[in-house]
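Structure first, commentary second.
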Amino acid sequence: MRFPRYRPWAWAAAACAAVASLATTSLIPQAGAADGVSAATLASAVEDEGADCPVPGTGSASSSLLPDPFTKLDGTRVTTKGEWRCRRAEIRELAERTVYGQKPAPPSAVSGTVTSSRITVNVSDQGRSASFSAGVDLPSGSGPFPAVIVLGGFGADTAAIKAAGAAVISYDPLAVGQEGTSRSSKQGAFYSIYGSSSSTGLLMAWSWGVSRIIDVIEQSGGSILRADATGVTGCSRYGKGAFVAGAFDQRIGLTMPVESGTAGAPILRGVAQESGAQPLSSAYGEQPWLGDAFGSYTSNPGGLPVDTHQIVGMIAPRGLFIMENPHVDWLGARSGSVAALAGAEVYKALGAQANISYWSDVQDGTHCASRSEWRTPLQQSIQKFLRDSGSAPAVFRIAPSKSGSLSQWRNWTTPTLADTGGTTTGTNAGTTTGTNGGTDAGTTEGTSAGTNAGTNAGTNAGTNAGTNAGTTEGTTGGNNGACTASHRTVNSWPGGFQGEVTVSNNGTSSLSGWTVGMTLASGQTISNLWNGQNTGTSGSITVRNTAWNGSIAPGGSVTFGYVATGSSSAPGNLTCTSP
């Protein structure tokens, strides 16, 4: 039985008709094409593409490890990119039920105005009405402009945003969901409509407010702000809100949470074990940020059927730049790195791994400071995902002091998802809620992606913001040619780089384990390695499979990744053996 969303019948019928076309229309870029497609093919024209997907009832989970984002509720695994739409819908509902509370369907009526200095929002639903507003600060030049919605007014580098050519929308989430209230007497525009005793937490209410701002921008005619190019950001508790907003509205092309801490990006299972991180009970009790149902999991995160790496996956393949502060233990940056690494596996499976970036390796420990390290990748993200220009930063800079190990948190592998034959990667101009509460099931526009639409991301060289992303180096083989290892430099920066090694089975029988040997250049030291077990961190090292990725079928492959200090030269003497 699908979890109800207070969906008006008229909206539901139109939504199902419009979204049904997504069975043959995918907004997921084909493998290797992520850095070469227009940002308009990544963000959607509808708030929730999976509104028509049936979601079966579920039992409770019980695992200290991260749930497999690729295993559907019926027990089968996702095998094609087209299946991700409804798998995402399953994750969405599980997250609503257990973590955030419900985000209602688009309301029956939304109206408002957009000027060069202000946006007004009027919402009516279920016989109740509420209003709120947001400020607008335009960049220099002539519009219409893309825009970044900034929650809360601090911690976001608004000067860098405007310099990148995007408008800043200053949104006060407390007008929509107030802090300092009890769970039984929530206040703000959201709760004026859906009730002060609503079980929906503030983060989802704030997300709802972001969606209503986008509704008004869509209705405004696009003379000042572009309706198809919206980002969202915020720091600390507003970083939590930005993270949720980006996950639960697929019209948002770029999500940039900053230092979001517990209830934000860091995995919930991890912060419960991370020394000094804000405990789950504290985050639940400090403010009604999380949904009321989460109270049952504050001492049992292993019982959650979801975790935040899957919320990261909900944002895929759209732009995502997670920024974290490793100097404040309370923020749980180690668990944040695990969420990013695990969520990046969804991006990888969808052929969009260049679209996620993560950066916690910063010098200034001041909470919510504007940092010079983040400025360039932030502006590159805006250029790529909101202005359709340049390349995504595609960078993972994990602070060595807060470096999590993905291999310790999962027992699942990342599938190679098949392209859905004949699908189209384009914008589905589907459900647009107007002031009359109706919908406009529009046309589908885009470019055919029946071919790979570009280079093969695993083997061909490309550039991402001046780095060696995508290059393949040093392939050698062992085990009579059956086991081979190939290396690529995913990203590099002054004083360090990120590498990835692909272990392939080119033989005719399955491998039951593997060991990769390689020699790091002088001065190189591995600070973090995932999906493998390494012996040594410098010079000649070996990396063995984990318990869950040692078996490789004929023609199959697995990968392990690492971050190292020193020059970005590829390791030498790359070998692979299998027992």
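Structure values in brief
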item	result
Karplus 3J(HN,Hα) series, Hz, for the stretch 195-204 with 6.51 cos²θ - 1.76 cosθ + 1.60 (x for Gly, Pro)	x, 5, 9, 3, 7, 6, x, 4, 4, 6
Heavy atoms of D228 accessible to a 1.4 Å probe, total area in Å² rounded to 10	80
Hull volume in cubic angstrom per residue (convex hull over the Cα atoms of the stretch 227-308)	93
Other-chain or far-sequence residues with amide H under 5 Å of E324's (modelled H)	E259, W359, S360
Principal axes of the stretch 137-268: Cα extent on each, largest first, Å	47, 31, 22
Rounded, prolate or oblate (a/c below 1.5 giving rounded, otherwise prolate when a/b exceeds b/c) for the stretch 192-252 by Cα gyration tensor	oblate
Full-stretch length increase - W548, A521 - with 0.36 nm per residue and alpha-carbon distance subtracted	6.8 nm
Integer Hz, Karplus 6.51/-1.76/1.60 couplings in order for the stretch 307-320, x for Gly and Pro	8, 6, 4, 6, 5, 4, x, 5, 6, 4, x, 5, x, 9
Extended-chain gain in nm, criterion 0.36 nm per residue less alpha-carbon gap, D329 and S111	74.2 nm
Accessible surface of the stretch 168-216 [probe 1.4 Å, protein heavy atoms]: carbon and sulfur percent	41
Above-threshold pairs, the threshold being 26 Å between Cα atoms, out of K103/K384; K162/K348; K72/K384; K103/K240	K103/K384; K162/K348; K72/K384
Sequence ranges 405-416, 178-189, ranked by mean other-Cβ count within 10 angstrom, highest first	405-416, 178-189
Prolate/oblate/rounded call for the stretch 282-396, Cα gyration tensor, a/c under 1.5 rounded	oblate
Average accessible area per residue (Å²) across the stretch 210-322 - probe 1.4 Å, nucleic acids and ligands excluded	19
Lys, Arg +1 and Asp, Glu -1 on Cβ, resulting dipole of the stretch 219-309 about Cα centre, debye, nearest 20	160
Cα centre as origin, Lys/Arg/Asp/Glu Cβ charges: the stretch 285-396 dipole, Debye	420
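The values are calculated or read from the model by the stated rules, or taken from the named source; none is laboratory data. These numbers were taken from a predicted model, which means no experiment stands behind them. Here Cβ is always computed from backbone atoms with ideal geometry, including for glycine, and neighbour counts include all displayed protein chains. Remember, those area values only see protein heavy atoms, side chains included, never the ligands or the DNA or RNA. Shrake-Rupley method; radii C 1.70, N 1.55, O 1.52, S 1.80 Å.
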